[in-house]
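*Asks:* Sharing a structure here in structure tokens format.
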Amino acid sequence: MSIVHGIETNAIQIDSTFCFLYEQWKEHFPPGYLLKDALVDQPFEEDACHCHFVFVQDNNLSADPQLVLKYQWFVEERALSSFSAIPDATGEVYWPKHEDIGKFLKVECTPIMGEIKYPPVFAISSRVSPGNGIPKVVNLEVQGELVEGNVIKGYAEIAWCGGTPGKGVASWLRRRWNSSPTVIAGAEDEEYRLTLDDIDSSLVFMYTPVTEEGAKGEPQYKYTDFVKAAPPSVSNVRIIGDVVEGNIVKGAGNYFGGKEGPSKFEWLRENKNTG
């Protein structure tokens, strides 16, 4: 277990720091819980920095209601000075800014059980390092109903790592059952309209982040579930041909909804005198 992570000190000092802080904290933990870990990842400019606070249940004690953890991040140039709160940095993840380079991060974790708020525990990071300028995809999602005719859209969350945000490269691939994905010609935008060819296939959204400086990150992929056919429908129903005695006329319409089967045609006659 480590409370102070990455500060320039040896393992013995880190263990001593943890033991010292743990002894101060342990009497104030929520009933039924023990603190297993409290640390912060090595922070890099414009990259996701996670904190890790792990409370575990003591089997000998009741641990109801459920424990909730609240977070607040701080920043300061020196690890042992008074830290300044970072506005709106209240989640498990913080993205260090360019101005944070060379500074330390601190995150406080406040356990809450029911309506009772317990004293916070904390962890301090090493200094924020400059980003390497190579972007990377942190999260990739595809939104939209997977039904023929609908538009789906891929969303990429990018860590720019010190580079200037640019326009990434998007593409869509189609993967049929037990086969390798194949590129869909012309599908090179975040949005894609599902077609007849996509039915019973899984779509693959591929995204490569690119900075304005031209640095490319590693491409990432997101697979969808299988695409379903739309319910059968017809539009633009019309009669083709001159409606004159002796002529042949033809009924036509635009079918939509999977592959057309034995569609039913029905002709009716309306007498202009009797209706």
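*Asks:* Please work out which residue is surrounded by the fewest Cβ atoms within 10 Å (Cβ to Cβ), limiting yourself to the stretch 139-157 and to residues that are in contact (Cβ under 8 Å) with a residue 40 or more places away in the chain and among the acidic types (Asp, Glu).
*Replies:* Glu141
*Asks:* Quick check on my filter: what residues within the stretch 158-171 are part of a loop (DSSP other than H, G, I, E, B) and surrounded by 14 or more Cβ atoms within 10 Å (Cβ to Cβ)?
*Replies:* Trp160, Cys161, Gly162, Gly163, Gly166, Gly168
*Asks:* Only one of (1) within 15 Å of Lys153 (Cα to Cα); (2) touching a residue at least 40 places away in the same chain (Cβ under 8 Å) is not met by Ala229, so which one is it?
*Replies:* Unmet condition: (1).
*Asks:* Conditions: (1) part of a strand (DSSP E or B); (2) at pLDDT 95 or above; (3) of a type outside the set (A, V, I, L, M). Pro96 meets all but one. Number of the miss?
*Replies:* Pro96 satisfies all of (1) part of a strand (DSSP E or B); (2) at pLDDT 95 or above; (3) of a type outside the set (A, V, I, L, M) except (1).
The values are calculated or read from the model by the stated rules, or taken from the named source; none is laboratory data. Everything numeric here is computed off the predicted structure, so don't read it as measured data. For neighbour counting, all protein chains shown are included, and Cβ atoms are generated from backbone atoms with ideal geometry for every residue, glycine included.
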